[in-house]
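The values are calculated or read from the model by the stated rules, or taken from the named source; none is laboratory data. Values in this document were obtained by computation on a predicted structure and should not be read as measured data. Positions of Cβ are generated from backbone atoms using ideal geometry, with glycine treated the same way; all protein chains shown enter the neighbour counts. Heavy atoms of the whole protein, side chains included, go into the accessibility calculation; ligands, DNA and RNA do not. Shrake-Rupley method; radii C 1.70, N 1.55, O 1.52, S 1.80 Å.
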Amino acid sequence: MTKILKPKWMVTLAPGSADVLEGHALVIDGERIAAVLPVAEAEAKYPNAESVELGSHVLIPGLINGHTHSAMSLLRGVADDLPLMDWLNHHIWPLEKKWVTEEWTHTGSLLSAAEALRGGVTYLNDMYFFPTAMARAAVDAGIRAGVSINVIDFPTGYAANAQDYIAKGLAAYEQFKGETLLDWTSAPHAPYTVSDDTFVQLRELSEKHGLQMHCHIHETLDEIEGSIKQYGVRPLERLNKLGLLNERMMAVHMVHLTEDEIAMLAAQKVHLVHNPNSNLKLASGICPVTALEAAGVNTILGTDGAASNNRQDMFGEVRSAALLAKGSTKNPTTVSARTALEMATIRAAKAMGRGDDLGSLEAGKLADVTAVSLDAIECRPVYNALAQLVYVAGREHVSDVWVGGRQVLKNRELTTIDTGALLERTEAIVQRMKTER
């Protein structure tokens, strides 16, 4: 049925659009947006449509989490206040080797999907093992996902070596190819865990199947120093020589960059995924977003996994991105509210290769829509609804979410996930991990 959503405010983020529309409606026909037009015109043009009144709400495109490890929601809080390599080597990787299975990954991924939808997120760009589990969880939840063909050059409980990772990832891709909620990425973990030969294989896989690439790069100074010691060059230079830096690459973290590297990223149209809160928590550093913006690099936002953040909260990332850029440059005009929100919507859609379908509220695009209530006392008064979204509102103010026109969150309640059963499964896994750790 055709639906007319009638919010008080709308932030379409369409190129060249006004920051905020008032008195406008969003018309959804099937899985796509049919029109954005004044309420009276919508009612006259679609007299038989279902009317959805959204009083003191602002309507925005569904948020896109540009980088996460969904299943790691089951490791939320398991090891905190540690530097990255200590955290990985002595806590996360040993736990993963012991516990990660298909069903463990499905439960964790479903838990993250539930958290995402309740926070206004309609797309998760994931990187993890057992991609069939993530694919199943996304379809079960009714959320979009970028599912990874994830590769590390050492054995885990998932695969024995690079060829095994690639073979299993391709089998999952073939199994779910054509599922409309899913995209796929070629995902080498990081320069310090992947060899040159494997990087080239994954580049060729990306080119053959038309996939975006997804890789942690320049996350810490230790990573850069290790690369210089082992390869004689910084990681980005190494990857450039291997032909990986182009418009398919989503480079995650990118905290430590030189001016020349920023210019190279811009020239080669690399997308950068900024994870402000994870980088702060692990004390990795602060991504130079203002310099990247000046150079024209498409910079988007991600949460990283719940084991390192620990919140998969894109409202928090949007606010942090704006404030960190201002505070670190002593420039209050950099990374405006609109720019910060674009990093979680239209710019992120471009990075995923989905700019024609997602990321803004425009006729013809898929109806991935989030409604945020500004009715709460802590959200009033409202002078500028866009600024209110970025600097005041939080994920707890998300009331309703649609993915492809299907309502997956209604009045804060998930319509696709049995949350009671999910929490029971989660608690059973966690109790076993605590007992046998």
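Looking only at region 163-191, filter to residues that are in a helix (DSSP H, G or I) and charged (D, E, K, R); which one of those is least open to solvent (accessible area, probe 1.4 Å)? Walk me through how you get there before you give the answer.
Filtering region 163-191 down to residues in a helix (DSSP H, G or I) leaves 163-176.
From the residues that got through so far, the ones that are charged (D, E, K, R) too are 164, 168, 174.
Values: Asp164: 44, Lys168: 78, Glu174: 93 Å².
So, considering only residues that are in a helix (DSSP H, G or I) and charged (D, E, K, R), the one least open to solvent (accessible area, probe 1.4 Å) is Asp164.
From the list Asn161, Asn89, exactly one residue is of a type in the set (S, T, N, Q), more than 18 Å from the chain's Cα centre (by Cα) and modelled with pLDDT under 95. Which is it? Can you show your working first?
On the way: Asn161 fails: modelled with pLDDT under 95.
Within the list Asn161, Asn89, the selection yields Asn89.
Could you identify the single residue in Tyr173, Tyr192 that is in contact with a helix residue (DSSP H, G or I) (Cβ under 8 Å, 6 or more places away or on another chain) and farther than 23 Å from Pro235 by Cβ? If you could, list the steps in order and put the result at the bottom.
Details: Tyr192 fails: farther than 23 Å from Pro235 by Cβ.
Tyr173 is the lone residue from the list that is in contact with a helix residue (DSSP H, G or I) (Cβ under 8 Å, 6 or more places away or on another chain) and farther than 23 Å from Pro235 by Cβ.
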Count of residues meeting criterion [open to solvent by 50 Å² or more (accessible area, probe 1.4 Å) and either outside any loop (DSSP other than H, G, I, E, B) or among the acidic types (Asp, Glu) (or both)] in region 1-24:
3
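Have a look at Asn48, Asn125, Asn89 and point out the one that is in contact (Cβ under 8 Å) with a residue 60 or more places away in the chain and either at negative phi or not charged (D, E, K, R) (or both).
Working: Asn48 fails: in contact (Cβ under 8 Å) with a residue 60 or more places away in the chain; Asn89 fails: in contact (Cβ under 8 Å) with a residue 60 or more places away in the chain.
When all the criteria are applied, what remains is Asn125.
May I ask you to verify whether Phe130 is on the phi > 0 side of the Ramachandran plot and crowded, with 16+ Cβ neighbours inside 10 Å? Step through it out loud before you land on a result.
Numbers: on the phi > 0 side of the Ramachandran plot: yes; crowded, with 16+ Cβ neighbours inside 10 Å: yes.
Against the criterion (on the phi > 0 side of the Ramachandran plot and crowded, with 16+ Cβ neighbours inside 10 Å), Phe130 qualifies.
Conditions (1) under 16 Å from Leu117 (Cβ atoms); (2) of a type in the set (D, E, K, R); (3) surrounded by 19 or more Cβ atoms within 10 Å (Cβ to Cβ), marked per residue:
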| residue | (1), (2), (3) |
| --- | --- |
| Ala371 | yes, no, yes |
| Glu378 | no, yes, no |
| Tyr391 | no, no, no |
| His397 | yes, no, yes |
| Trp402 | yes, no, yes |
| Arg412 | yes, yes, no |
| Glu424 | no, yes, no |
| Ile429 | no, no, no |
| Thr435 | no, no, no |
When you go through (1) open to solvent by 20 Å² or more (accessible area, probe 1.4 Å); (2) on the phi > 0 side of the Ramachandran plot one by one for Gly120, which number turns out not to apply?
(1)
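Can you tell which of Val390, Val408, Val430, Val369 is within 28 Å of Trp104 (Cα to Cα) and under 19 Å from the mean Cα position of the chain (by Cα)?
Being within 28 Å of Trp104 (Cα to Cα) and under 19 Å from the mean Cα position of the chain (by Cα) holds for just one of Val390, Val408, Val430, Val369, which is Val408.
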I'm trying to understand the selection: among the residues of region 250-284, which are out of contact with any Leu (no Cβ under 7 Å at 6 or more places or on another chain), assigned to a loop (DSSP other than H, G, I, E, B), surrounded by fewer than 18 Cβ atoms within 10 Å (Cβ to Cβ) and at pLDDT 95 or above?
Thr258, Lys269
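Residues of region 231-249 being outside any loop (DSSP other than H, G, I, E, B) and either in contact (Cβ under 8 Å) with a residue 60 or more places away in the chain or surrounded by fewer than 14 Cβ atoms within 10 Å (Cβ to Cβ) (or both), which ones?
In the first step, residues of region 231-249 are kept if they are outside any loop (DSSP other than H, G, I, E, B); the result is 231, 235-241, 249.
Across region 231-249, the qualifying residue is only Lys241.
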Test for Ala363: is it under 27 Å from Asn298 (Cα atoms) and either more than 17 Å from the chain's Cα centre (by Cα) or free of Cβ contacts under 8 Å to residues at least 60 places away in the same chain (or both)
yes
Which number in (1) touching a residue at least 24 places away in the same chain (Cβ under 8 Å); (2) open to solvent by 40 Å² or more (accessible area, probe 1.4 Å); (3) aliphatic (A, V, I, L, M); (4) part of a loop (DSSP other than H, G, I, E, B) marks the one condition that Ala160 misses?
(1)
Given the condition surrounded by fewer than 17 Cβ atoms within 10 Å (Cβ to Cβ) and under 25 Å from Leu182 (Cα atoms), answer yes or no: does some residue in region 327-343 qualify?
no
